[in-house]
Each structure stands twice: as structure tokens, then as C-alpha cells.
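The values are calculated or read from the model by the stated rules, or taken from the named source; none is laboratory data. Here the structure is a predicted model, which means the values were calculated and not measured. Neighbour counts are summed over all protein chains in view; Cβ atoms, including those assigned to glycine, are modelled from backbone coordinates with ideal geometry.
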Amino acid sequence: MKRIAVIGGGIVGCHIALVCAQKGDEVFLLELNEKTGQETSTRNSCVLHAGIYYNPGSLKANLCVEGNALSREFFDRYGVDFRNTGKYIIARNEDEIAEIDGLLDTALRNGVPGMERVTPARVASQVPLVHCTGALYSGTTGIIDTAGYMSVMNGLLFQQNVTVLTSCRVTGVSGTLLETERGTLDADIIVNAAGLYCDDIARLWGITEYSIIPLKGDYYYTTKLDLGIPVYPVPNHRHKTLGIHLTPTFGIETIIGPSETPSSGKNNYQIETPREIFEQSLLSMVNRETLAMLEMYEGFSGNRPRAYRNGVRCDDFVFIKKPDNVIHCIGIESPGLTSAPAIARHVYSLI
């Protein structure tokens, strides 16, 4: 039996801890906040992604497709609320038709099932308020109750005798000893799954070339849009994000967002994007009459843990073993929520 310490209690760290415990190891999960899953894991669009956007052969592509299937099995087995809504990715003008075709090609190369090129009439039949010149339909995209997901995960960790230490900031390392604000912990294996703070943890072992520079996303809500399926524009290439999109929830609200703004800090969760930015983006998808009736109001904010290596953006997930008993998970942004169970398997294969 190995003693394993997992740093970071987001959904990725929780899945890693769960896999290790199920293999018979003694597991400690160290979380900075008062509760698990309070940062990136629940401050997002709550979407199970299909694997459409990522470079073929990349870790993001492979782990997202695998994670989509594993997540569905997990949700079904443990009763996590999940709705297989599908998703439309729309071309808002003729110039974006080529982008739609390119996304379809990438998705097929990634082995994403359930992809279709559909007509504007197909979109209008399901989402009459949205206008487009062409679209893709993704049949394996869905929405997740992320708060419920974390609650189920906490129960499973308890059942598997994982010791969860919250309000536990890691401050240093000495050999195999982790120094924390709650004392020291000796571990055979350490996994750095600290999300926004993974670069700070990596520096404790002399890994200085990676930094996390968060890209902040603000969200608005509306209760005036009856939407049963997420609707996305083509990606925002400037920020390498999926753009401001419309996502239904399990309640009466529709999420609008996220925006893309530089963050003033990893713990900045203030809504800072002007309403006009959301309105401008939405006008490319709906008419002015629809926009006028939406009655948008402020929702929440999240930070994407974007990784840079010596100042150059990392387009893929990064996994590093240094030293041999420490595994670092760096830049686990979207599709990290979808990929989490597959990431856990991948990390355990490195132990």
C-alpha cells in the first residue's frame, strides 16, 4: 500500500484521489478552500464536451473523448444529474461556414461520435430565436449539475476512506514531507492537481518554466429564453476560447457567457464584463427584439487556469514527473471537467 497525497480538491484531484483509493492506496486530498470544487470545477458552463475543438492526437482530444464516455458511466452509476442535450455550433455568416466544416473534420479525426452537419432550418426548428447560416450538431454534448457532481464525489471519497483536508494550503516541501498550514504530511507519491495554483506548487520542486495566467470569464443569466440545447458560435481564435454561448440549466435559467478578459488575480471572482459585451455577441445570434426581452442579470465568474511555458501558451494539457515520485498536472482548463475521469486514469498510469 502506498501513501498518496493529492494536492487540489477540484473535480480532477477528486477523481485522482478516488482512483488511487479504489486501487487500495492510502490517500490524502489537500484542498486550499473550505470545501472541494469551489474554483474552476463549478465556475464554468457545466457542459460535458464531446472533443470537437482540440488538435488530433493531443492529450486534450484523446482524454476528452475518453472522459466523455467515462463521465457518462460515472453519472449513471452514481446518480449525478446529467442531461444529454446535444449542442449546436452555428455559423453566424457565410464567412464562418468554412470554420464549421473545419470543426467537423477535426471532430471526425478525433473519433467524436454523433456529429452532423445540419441546416439553418434544423436549428430553427429547435431554437427558433437563433439565426444562422449553417451549423454542426454534436450528439454527445450535455449539461451537468456540477454542484451535485461534487456532492456525489465527496460521498464516494468518504466511502473509500480518503482523508480530505480542507483549508489546507501547501507551503513547502522537504524530501517526502509536505509542509502545510495544518502540519506536515509524509507521502510516497504526490500529485499536484492544484489547478490555478499548480505553478506555485510545481516551483516547490524547481519547475520554474511554467506559469498560470488566468483568463477570466464572466457569466450572465436570463430566465426569458426557453432553451433546451446549448448553442455555441464558432470559437474565438483571439483568445482560443469557445466564445459567448447559450447554455440551458436544470432550472429556468439560461447561462450566457463566458466573456474573455485578463484576470487581475487567481482569486478574482467579481463580475467585470460590461453588459454591452454580451449584448454585442448575442446580436450575432439573435435579433434585437429577442435581445430586448432577455432581461439579463449578473451571474458568476470563473478563471481558466491557462498555462504558459517560458511565456508561450501551452495548447495542451501538461503532465510532468519531477522528481520520480511527484506528478504535476499543469494547465488543466477546459475540457478538464469532461476529461477528469480519463485524466485520473492517465495520472495513475504514471505512478
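Checking each residue in segment 241-252 for being over 18 Å from ASP101 (Cα atoms), touching a residue at least 40 places away in the same chain (Cβ under 8 Å) and part of a loop (DSSP other than H, G, I, E, B) picks out THR249, PHE250. Taking the numbered list (1) of a type in the set (Val, Ile, Thr); (2) over 24 Å from the mean Cα position of the chain (by Cα); (3) closer than 23 Å to TYR219 by Cβ in turn, THR141 passes all entries but (2). I'm trying to understand the selection: among the residues of segment 61-80, which are in contact with a Phe, Trp or Tyr (Cβ under 6 Å, 6 or more places away or on another chain) and surrounded by fewer than 24 Cβ atoms within 10 Å (Cβ to Cβ)? Of everything in segment 61-80, those that are in contact with a Phe, Trp or Tyr (Cβ under 6 Å, 6 or more places away or on another chain) and surrounded by fewer than 24 Cβ atoms within 10 Å (Cβ to Cβ) turn out to be PHE75, VAL80.
Under the condition of being assigned to a helix (DSSP H, G or I) and over 17 Å from LEU242 (Cβ atoms), the residues counted in segment 282-315 number 6. Just to be sure, is ASP199 among the charged types (D, E, K, R), surrounded by 15 or more Cβ atoms within 10 Å (Cβ to Cβ) and assigned by TED's automatic domain parsing to the domain that holds THR42? In short, yes. Within segment 316-351, being part of a loop (DSSP other than H, G, I, E, B) and of a type outside the set (A, V, I, L, M) holds for ASP316, PHE317, LYS322, PRO323, ASP324, ASN325, GLY331, GLU333, SER334, PRO335.
The rows are residues; the columns are (1) aromatic (Phe, Trp, Tyr); (2) within 18 Å of ILE201 (Cα to Cα).
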{"position": "THR273", "(1), (2)": "no, no"}
{"position": "PHE278", "(1), (2)": "yes, no"}
{"position": "GLU295", "(1), (2)": "no, no"}
{"position": "TYR308", "(1), (2)": "yes, yes"}
{"position": "VAL318", "(1), (2)": "no, yes"}
{"position": "PRO323", "(1), (2)": "no, yes"}
{"position": "HIS328", "(1), (2)": "no, yes"}
{"position": "SER339", "(1), (2)": "no, no"}
{"position": "ALA344", "(1), (2)": "no, no"}
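Within the bounds of segment 119-133, is there any residue that is under 28 Å from ASN68 (Cα atoms), outside any strand (DSSP E or B) and assigned by TED's automatic domain parsing to the domain that holds PHE319? So far as segment 119-133 goes, no, none of its residues is under 28 Å from ASN68 (Cα atoms), outside any strand (DSSP E or B) and assigned by TED's automatic domain parsing to the domain that holds PHE319.
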